[in-house]
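Input: a single structure, listed below in structure tokens.
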Amino acid sequence: MPVTPDLDRRLGPALSEINVTPFVDVMLVLLVIFLVTAPMLFRGIDVRVPRTETRTTEAEERLVLTVTKDGAVFLGDQPITLARLERVLAGLRQRNSKAAVFLRADERAAYGAVVKVMDVVKKAGIDRLGMVTEPLPAS
């Protein structure tokens, strides 16, 4: 059925613009949520981690591995050997398939020591390994 000129005058011309206001509102709310949750930091063994321009976030129930400048490895606050670490992480993986580990390594630690710890984490079946850094100071 063809559109009559009378019907076109009553309805008005078709709008061809998209209203982006709801989209912008949702994006601003998400931005605020991420800005509030992103700067979570924790304290533990004193290491000097490398500084980066991006920030890392952390969930509450994740394990923290620390490699000191001497190459010592800590699980939480307790020293641990690499062999024992693999057994502990394998047990964690069996209990929680989505287990995650954060690795804090002193920037002066030997690269090989850090890679060995990362290898142990991967061999234990933990796929979610996060690196902890500190943000650069604002200039």
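The values are calculated or read from the model by the stated rules, or taken from the named source; none is laboratory data. Treat the numbers as computed from the prediction; the structure is a model and nothing was measured. Glycine also receives a Cβ, built like all others from the backbone with ideal geometry; neighbour counts cover every protein chain displayed.
Let's see how each residue does on (1) polar (S, T, N, Q); (2) touching a strand residue (DSSP E or B) at 6+ places or on another chain (Cβ under 7 Å):
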position	(1), (2)
VAL73	no, yes
GLN78	yes, no
SER97	yes, no
ALA110	no, no
ASP127	no, no
GLY130	no, yes
GLU134	no, yes
PRO137	no, no
Exercise. Does VAL88 count as touching a Pro at 6+ places or on another chain (Cβ under 9 Å) and either touching a residue at least 60 places away in the same chain (Cβ under 8 Å) or on the phi < 0 side of the Ramachandran plot (or both)?
Worked result: no
Seminar exercise, completed: By residue number, the members of segment 81-139 that are farther than 16 Å from THR68 by Cβ, part of a loop (DSSP other than H, G, I, E, B) and either among the basic types (Lys, Arg) or in contact with a Cys (Cβ under 8 Å, 6 or more places away or on another chain) (or both) are LYS98
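Would it be correct to say that VAL47 is part of a loop (DSSP other than H, G, I, E, B) and at pLDDT 65 or above? Outline the logic, then answer.
Details: part of a loop (DSSP other than H, G, I, E, B): yes; at pLDDT 65 or above: yes.
Spelling it out, VAL47 is indeed part of a loop (DSSP other than H, G, I, E, B) and at pLDDT 65 or above.
Filter segment 88-99 for residues that are surrounded by 13 or more Cβ atoms within 10 Å (Cβ to Cβ) and basic (Lys, Arg) and give the result. So that I can check it myself, show each step before the final result.
Our first condition is that a residue be surrounded by 13 or more Cβ atoms within 10 Å (Cβ to Cβ); within segment 88-99, this holds for 88-90, 92-93, 99.
Answer for segment 88-99, where residues must be surrounded by 13 or more Cβ atoms within 10 Å (Cβ to Cβ) and basic (Lys, Arg): just ARG93.
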Seminar exercise, completed: Taking segment 67-80 and keeping residues of a type in the set (S, T, N, Q) and either within 12 Å of LEU103 (Cβ to Cβ) or part of a loop (DSSP other than H, G, I, E, B) (or both) leaves THR68
Exercise. Say we look at segment 100-139 and pick out the residues that are in contact with an Asp or Glu (Cβ under 9 Å, 6 or more places away or on another chain) and farther than 23 Å from PRO50 by Cα; which of these is surrounded by the fewest Cβ atoms within 10 Å (Cβ to Cβ)?
Worked result: LYS123
